[in-house]
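Coordinate-derived values only; no laboratory data. Because the structure is predicted, anything quoted here is derived from the model rather than measured. Reconstructed Cβ throughout: ideal geometry from the backbone, glycine too, with neighbour counts over all protein chains shown.
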Amino acid sequence: MAVEAGTRQEERVVGRVWTVRLDPDGRPSVGAVRLSCSRPACADQRFPGGAAVGRKAAIDHVKEHLARIREGGGPRGDAWCACRAAGCAWHTPAPATGRPSGAPPTAGAVRCEGPAVLTVYADRAGRLWRIAETCTRCAAATPGCRVLNTARRPARPAPTGTDQAPQKPDAEEDPADRAGRDGLTAAFSDRGSSPAAGASSYAAASPAPVPRARAAQPASASRRTKRWGKIAQRIVPRDLEPDALRLELIKLGDEFRAYQQRTEPDLTVLATLHERKARAFGQWADVSGDISLRHEAERAEKAAQTTLEMHANRTGQPIGGTAGDGPVVERLLTRTQAASARTVLDYVAANSPHPEAEVRLAVLMLTLRSARAGTGNVTGQDLTGWLQGDAEQVVERLIEAGWLRLPGTVAELMDSRPEGPIAVTVPTLLPEQSRPFAFGKTTRARLSGWAQKVVSDRKIRKKKATAADRLLALYTTAHARPDGRLGHVEDDGLRLDQAAEFCALPPDQIAEHAGLLVAAGWLAEADTIGDRLRGQLAERALPLGGML
């Protein structure tokens, strides 16, 4: 018997792995991507259309492999875990054993359990997809891993001279078991039917049959304590101690799935769930010694903080504040984005090639358009909206100073319309230069929209506002507290010399331009007594405030 068991173990093969990757093709500023597959028969593909086109092609490529796997019979029951062959590095840090890649791990190094399953994994950045044959334990321990199908267990020869129990006819087989054995459709944790789930399944997959009705359960069984559950793609062990931790993890998984079914989000409830998850996973990591659980707890803690910040930004309240702390306002910028806006204002004040207000305003708006890649789309209508009749002259001065480059002439830029914008280049913001800003593309777009709303405000335009007036509106808006008062609490307003320097004005002219903003309804009040600019944003400007 020992010889026979050893022979069966040696006959097992390493689980198959398909890895699909997206990588930049050439310079990152070009935007082209390359799709590569670990299977030798799959040639690399290049997509100049950018990451979105590449991701669609990568997902289609993954689906093609999955369809072929299904046609070939699905996962193999005699395959041993591909994650185990990699030292379980997909869900735990790789051990420094010096073992060659693909070799079976040493006995006792890892503990794989359950039948072989076919899994698919996609990283959060949308750059890597992995199909693999693993064991159920490794699949449950890998964050973001989804089980598509379970292999049929290899048939064991019956002992000689014994009668075999008759097999259950196909007509009496549990439809749920048959669907799990034959189907390759991803199973979602909330088990709800959704259009997204159906769209991501293969066209070749057969529809799951309707389960038969359950037999009536006795009253005592319905009150029995639930022994197992699932949370964050992890199965809660039935024997997890202490029992209160196991029950909390099971309850949390159920509450997260219930939250996903809500028609309207409630960020306070979601933040509470993340906080409970962080505490529970931290305790789970202490009990089990699994470092991946500690990482999951840290991610949950960050998610709770981010959710609270989102709630504060939506309501205009400080984190932990109450309804009496100030007006409830739907904010355009988060606190982090508002801080990034002030960083851009400081950068423009220090790096404008000319000190005039018209040049500084153009530099600010073009910097926000080009902050990420050094290039941005601009039209003649944008420029005339910012600078009125001075636009063409200001563009020519920026080109002469070497701050701006155009693919054509200034006249072509001024004639461009929204359906055909011109891609201008700011050399100092190109990727090969030192990066002055650390924010991402979403923040860049939000900041550009924020500045556009301030500069193009209808009531400010009606007051014949100059470039200096628009700069002052941007500066005061970015340096306002959540309640609309200007400056930090301890500062009691803004320093007059700093505001005047940014707006390219003498300090004694700030009062006149602030009065125009009061007349336009942008500031509710303003005064320049002493060396401070004090004031209050009007109610209609509060959504754009910087929340100092």
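Please report 437, 281, 502, 47 as a ranked list, fewest other C-beta atoms within 10 angstrom at the top and most at the bottom. Working shown, then result.
Numbers: 437 17, 281 27, 502 24, 47 20.
Arranged by neighbour count, lowest to highest, 437, 281, 502, 47 become 437, 47, 502, 281.
Amide H neighbours of residue 230 under 5 Å, counting only residues 5+ apart in sequence or on other chains, H built in-plane at 1.01 Å?
Amide H neighbours of residue 230: 236.
Quick one: which of 230/302; 441/462; 230/441 span more than 25 angstrom between C-alpha atoms?
Details: 230/302 21 Å; 441/462 32 Å; 230/441 35 Å.
Beyond 25 Å: 441/462; 230/441.
Show me, bin by bin at 10 Å from 0, the whole-percent P(r) of the stretch 335-544 based on Cα pairs.
Histogram of Cα-Cα distances, whole percents per bin: 8, 35, 37, 17, 3, 0.
Loop only by DSSP, 11 or fewer other Cβ within 10 Å of the Cβ. Give me the GluC sites (Glu not before Pro) in the stretch 393-438 that pass, ordered by residue number.
On the way: sites: 396, 400, 412, 419, 432; in loops: 419, 432.
In loop regions of the stretch 393-438 (DSSP not H, G, I, E or B), the sparsely surrounded GluC sites (Glu not before Pro) are 419, 432.
Restrict the search to the stretch 444-539; then list the trypsin sites (Lys or Arg not before Pro) that DSSP places in a loop and that have at most 14 other Cβ atoms within 10 Å of their Cβ.
464
Compute the normalised compactness of the stretch 228-315: alpha-carbon radius of gyration over 2.2 N^0.38 Å, N being the residue count.
Details: Rg = 13.4 Å, N = 88, 2.2 N^0.38 = 12.1 Å.
That ratio works out to 1.11.
Compute the separation of the alpha-carbon centres of the stretch 474-548 and the stretch 254-307 and state it in Å as a whole number.
Rounded to whole Å, the Cα centres lie 41 Å apart.
How much length would be gained if the chain were fully extended between residue 430 and residue 254, taking 0.36 nm per residue of separation minus their Cα-Cα distance, in nm to one decimal? Please report the intermediate quantities before stating the final value.
Numbers: separation 176, 0.36 × 176 = 63.36 nm, distance 4.80 nm.
Contour length minus the Cα-Cα distance gives 58.6 nm.
For residue 437, what is the net charge nearby, where nearby means another residue's Cβ is under 9 Å from its Cβ and Lys, Arg count +1, Asp, Glu -1? Intermediate values should be presented prior to the final figure.
Numbers: positive: 372, 435, 444; negative: none.
Combined, the nearby Lys, Arg, Asp and Glu give +3.
Can you give the extra length, in nm with one decimal, that the chain gains between residue 238 and residue 492 once fully stretched, where that is 0.36 nm per residue apart less the Cα-Cα distance?
85.5 nm
Applying a 10 Å radius around every beta-carbon, put 364-371, 122-129 in order of their mean neighbour count, most first. Spell out each step's value before the answer.
Values: 364-371: 23.9, 122-129: 14.1.
Output ranking for 364-371, 122-129: 364-371, 122-129.
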